[in-house]
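Below is one structure; the comments refer to it alone.
The values are calculated or read from the model by the stated rules, or taken from the named source; none is laboratory data. Treat the numbers as computed from the prediction; the structure is a model and nothing was measured. Reconstructed Cβ throughout: ideal geometry from the backbone, glycine too, with neighbour counts over all protein chains shown. All accessible areas refer to the heavy atoms of the entire protein, side chains included, with ligands and DNA or RNA removed. Shrake-Rupley method; radii C 1.70, N 1.55, O 1.52, S 1.80 Å.
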Amino acid sequence: MTKARRPSVLGWIALVLSTQAAAHQGPDPVFHWAFSPRTVSAGVAAARLGPDLNLPSTARVIADAGGYCLDLTGDGSERAEARLSEERAEGLPSEAMTVSVWVAIDEAESHGGLVALADADAEADDGGPTWKLGYNDSCFTFAVTDAAEATTTRLVGQTPYEKGQWRHVVGVWDGARIDLYIDGVLDASVDTAVAEIARPAAPVLLVGSGGRAGSASLRGRLREATVYDIAAKPAWVRHAYGHLKHTVNAVRPPRGDDLAMLVEPYLQHGTTDGMTVMWETTARGTSVVRYGETEACEQSATGDDATIHEVRISGLEPATQYFYRAETVDASARKIESRVSTFSTAVEPGTPFAFAVISDTQFNPEVAVRLSRHAWAQRPSFLLHPGDLVDTGVNDTHWTQHFFPGMKPLISRVPMFPVLGNHEQNAQNYFDYMSLPEPEYYYEFRYGDAHFFMLDSNRNVGPDSEQHRWLDRALADSDATWKFVCHHHPPYSSDENDYGDLWRTNKSDRGDLRTRRLSKLYEKHGVDMVWTGHIHSYERTWPIRDGRAVGESDGPVYMIVGGGGGSLETPGPYRPFFQNQVRRCHHYVMAHVNAGTLELRSYDLDDRLFDTVTLRKK
């Protein structure tokens, strides 16, 4: 089945709202452009915040190993610009600013421009822009012009750029000093007497150009450009660089439409007799998986011609190790193939197994990759992910540059079974990248002596809902030894402020009341464990029945495992009745199933065991 990408207007609205709400991750931008096939159409780049950009006729979106970007290596006679209305101009930085770009320069210029503010009506000899992040023939530059004195302070960086090398460049002005950062590190700084930035009479934002006074248009590539009306702190600059540094490395990336793997192979929907292999390439091509019981991979399975490739391997033996590699050939006969990796098919009932649980990986591939490596070292059979795989589901790069690189050590070797979190925003990206039993937003699967029921708690789960009716029937029909439920929002939580600020008042719902209504269903059908995320900490409850903590195996245990990478949260000052263990840390959980015994072991970011419990069937 081909995974077709489809744009969503609601998705774009949700993205803007989520960007504005996520202030804890850094300053809020006033202008933001990111370049991909979804944002660029008919010569216009749609802004995520601020005005749309009119592009040069030679500009085009291309793909390389790190993702999509805007190629501006045309003849330089045109420029990308956004003229500002009077209302938009009111949002221009005046007393402090930050401008941030991801750029690869392919040809040096003595006065190159990346992002600048200029006067649309000024003649070429009327002076330069009022501020400009740019570059010269060797280094990056940043300049600001004072509104009263019309004097310009220009800062030249110290670190030479390498042609074709992706760099994260940030210019910051706080009213007293100008700083220039390269790849998260302060590169140069200068004091300035600029008290307020000049504002042109007819302001126009130039992206990939420096405006007047001999400035040249960029001959290179841009991933994104962002402008803020406050001065970013060094910690935020380091954080922003960390978002992409795993895929933007010291090697010159492929140019233009070179065939490359944008997402390396990962595994989905593992069963006793089959496995789904998925990957994404920068150009369309054939979908072939070579596999077998040795690394020679002498058998093959094929899928559709696609960019997001999905190949189902069938007819396999249970509990058996296989080798595999993915291969794509495009219309120009260019070929790309992955390294050989391994997977194992699911075990049959009566065989012990173990699985890993990691949730809320969000925007932190550095944490995710460490947890993935720790978990893989314990050789789980699969990964359970209770949602918020990414920070913004409609943002392509959050998948290609955050989630998949972070989870690669694990999901390239074991299948992943996820549910939707609120940060996925029900985006088409989730359904493009996941291959799960229908209807995908809720589903079930069997593994050994366990039965898993996966829900979307962002949707209606009340008694009259489709999911509630399905779950009631599916739980009743299950004869598995262990019944596990997974959804994003926790019915019980001692978090300090998500369900009521416990530092200001003692009033709190202490959990999501919508999903708590499902507890009656769990108790009715003997559910053993409910895995959730959403709260970025670890919490394990006592078994709960009829709203009370009860003895071992007399009710479901609820576990919050939201420590996969999101900003950590803190429990409130009061221990509620349901709380057994709580811990503020990034973490993962290993669950071991052997007939009537379930062992749970929880590990922190340094792979130290901090909680363990054993549950036994009566």
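The phi torsions of the stretch 151-166, fed into the Karplus equation with coefficients 6.51, -1.76 and 1.60 and a -60° offset, translate into couplings of 9, 10, 9, 10, 10, 10, x, 9, 9, x, 8, 9, 4, x, 8, 5 Hz, rounded to whole numbers, with Gly and Pro shown as x. For the stretch 250-350, the carbon plus sulfur part of the accessible surface works out to 44%, probe radius 1.4 Å.
With a cap of 14 neighbouring Cβ atoms within 10 Å, and only residues DSSP puts in a loop, list the chymotrypsin sites (Phe, Trp or Tyr not before Pro) found in the stretch 514-616. Don't jump to the answer; show the numbers that get you there.
On the way: sites: TYR522, TRP531, TYR538, TYR558, TYR574, PHE577, PHE578, TYR588, TYR603, PHE610; in loops: TYR574, PHE577, PHE578.
Here the chymotrypsin sites (Phe, Trp or Tyr not before Pro) that fit, given the DSSP loop and packing criteria, are TYR574, PHE577.
Solvent-accessible area of the stretch 426-471 (1.4 angstrom probe, protein heavy atoms only): carbon and sulfur portion equals 43 percent. In summary, the lysines within cross-link reach of LYS507, defined as a Cα separation below 27 angstrom excluding same-chain residues under 8 places away, comprise LYS520.
Just to confirm the filter: which trypsin sites (Lys or Arg not before Pro) across the stretch 308-392 are DSSP coil and have at most 12 other Cβ within 10 angstrom of their Cβ? Each step should come with its number before you reach the end.
Numbers: sites: ARG312, ARG325, ARG334, LYS335, ARG339, ARG370, ARG373; in loops: ARG334, ARG339.
Those satisfying the criteria are ARG339.
Taking all protein chains together and rolling a 1.4 Å probe, TYR135 ends up with roughly 0 Å² accessible.
So what's the projected area for the stretch 405-546, the Cα convex hull averaged over all directions, in nm²? It would help to have the intermediate numbers written out before the result.
On the way: hull surface 40.7 nm².
Averaged projected hull area, Cα only: 10.2 nm².
Only one item in [x] 36, 33, 23; [y] 37, 30, 26; [z] 47, 29, 19 matches semi-axes √(5λ) of the Cα gyration tensor in Å derived from the coordinates shown, and that item is [z].
Per-residue ellipticity at 222 nm for the chain, helices alone: DSSP H runs ≥ 4 residues times -39500 (n - 2.57), over residue total, nearest 500 deg cm²/dmol?
On the way: 9 runs with 75 residues, N = 618.
Calculated mean residue ellipticity at 222 nm is -3500 deg cm²/dmol.
Cross-link reach is defined here as a Cα-Cα straight distance under 22 Å, omitting same-chain residues fewer than 8 places apart; for LYS524 the lysines meeting it are LYS483, LYS617, LYS618. Rg and Dmax of the stretch 361-469, both derived from C-alpha coordinates alone, stand at 14.3, 43 Å.
Restricting things to alpha carbons, find the Rg to Rh ratio for the stretch 516-587 using the Kirkwood radius for Rh.
Values: Rg = 12.6 Å, Rh = 12.7 Å.
Looking at the stretch 516-587, the ratio lands at 0.99.
With all protein chains in place and ligands, DNA and RNA left out, the 1.4 Å accessible area ranks GLU317, GLU599, GLU523, GLU87 as GLU87, GLU317, GLU599, GLU523, largest first.
Please work out the Cα convex hull volume for the stretch 420-497 and give it in Å³ per residue. All intermediate terms of the calculation are to be shown ahead of the outcome.
Details: hull volume 9.9 nm³, N = 78.
Here the figure is 127 Å³ per residue.
Can you work out D for the stretch 338-389 in µm² s⁻¹ from Stokes-Einstein, where Rh is the Kirkwood radius over C-alpha pairs, the temperature is 20 °C and the viscosity is 1.002 mPa s?
Values: Rh = 12.7 Å.
Roughly 169 µm²/s, to the nearest whole number.
What are the DSSP H helices in the chain that stretch 15 Å or more along their long axis, judged by alpha-carbon atoms, and whose average Kyte-Doolittle hydropathy comes to at least -1.0? Could you put the intermediate results ahead of the total?
Details: long enough: 9-21 (18 Å, 1.66); 365-377 (18 Å, -0.11); 466-477 (17 Å, -1.32).
Those that clear 15 Å and a mean of -1.0 are 9-21, 365-377.
Annotation for the stretch 107-184: GluC sites (Glu not before Pro) lying in DSSP loop with at most 14 further Cβ atoms inside 10 Å of their Cβ are GLU107, GLU123, GLU149, GLU162.
Magnitude of the Cβ-charge dipole of the chain, K/R +1 and D/E -1, about the Cα centre, nearest 20 debye? Charge dipole of the chain: 1620 debye, to the nearest 20.
By a 1.4 Å probe calculation restricted to protein chains, ILE230 has an accessible surface near 80 Å², given to the nearest 10. In the context of the full set of protein chains, residues of the chain present 39 Å² of accessible surface per residue (probe radius 1.4 Å, heavy atoms only).
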